[in-house]
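Only one structure is covered here, and it is reproduced in the block below.
Where a number appears in this text, it was derived from the coordinates with a stated rule and is not lab data. Everything quoted here is computed from the prediction, not taken from an experiment. Glycine also receives a Cβ, built like all others from the backbone with ideal geometry; neighbour counts cover every protein chain displayed.
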Amino acid sequence: MTGDWLAGGRVELAGERILDAVRTLVIDLGAGTVGMAQVAEAAGCSRATLYRYFANRQALYVAFAGREAAQLLARVWRDRPLDGPDRAELLLDGMTATLAEVRRTPHLAVWFEPANVGIVARLSDSSEVIDELVAVFVARLRPELSAAAAHRLGGWAIRVMISLLTLPLPSDDEERALLRDFLLPFLSESGLAVPPS
C-alpha cells in the first residue's frame, strides 16, 4: 500500500475516502459481500489504516449509513418548506420523495434488496447518527415533544420508512395512503398525542 496515504493534509479526508470506497463497492458487489480487505484496497490504504478508522465492518457500515442518511435528508428536505396551510401535504411529499430518492440512488437502493434485510435491520438499530438526525427532524415538526418522545417517534418513523423500502407496496399511491393514515398523524402538530417518556 502507499506509505504516504495520510500525508499532505489527507488525515481529515481519510474517513470520507474510505466511505467513498464503500459506496463504489456496494454498487459493484452488493452490500452483504463487501469485506474490509476490499474496502482497504479500493480506498488505497492498508488494512491497518482502515482499522484505525473503523474497528470492524459493522462500524464501517454504521458510519456509511450515517453519512448517506445525512446527505439524503439534506438533498430531499433542504429547500422543502414544512410550514403553511398545506403542511400535511408538504410532509407527505417529503416522505414520498425520500423513498423515491433512496430507490433511484444505486448505492442506497442496494441495501434494501431482499438479501440485505438483515444488514439493514442491524444498521437501523445501531446508527446513533441516523437516530439523532431523525430525532432533530421530529423535534422540528413537533417542538412540544420531550427529547425522549421525539427520539422514540423518530425511531418509529425510520422503521416505517425502512419497511416500505424493504417491502414496497404495489403502488406509490398505496404507500402515500399508508404514510398519510399511519405516520403523518404522529408527525403533524395537530396529530395524535405521543405519550411522554
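Evaluated with a Cβ-only charge set (Lys, Arg +1; Asp, Glu -1), the chain carries a dipole of roughly 500 debye about its Cα centre, given to the nearest 20.
Highest mobility in the GNM of the chain, judged by mean-square fluctuation with C-alpha springs under 10 Å and restricted to 89, 132, 68, is found for 89. In this entry, segment 58-187 is assigned a mean projected area of 7.7 nm², taken as a quarter of its C-alpha convex hull surface. The C-alpha radius of gyration of segment 132-178, expressed as a fraction of 2.2 N^0.38 Å, stands at 1.32. Stretching the chain fully between residue 136 and residue 72 yields a gain of 21.6 nm (0.36 nm per residue, less the alpha carbon separation). In plain terms, the residue of 133, 145 with the fewest other Cβ atoms within 10 Å comes first and the most crowded comes last, giving 133, 145.
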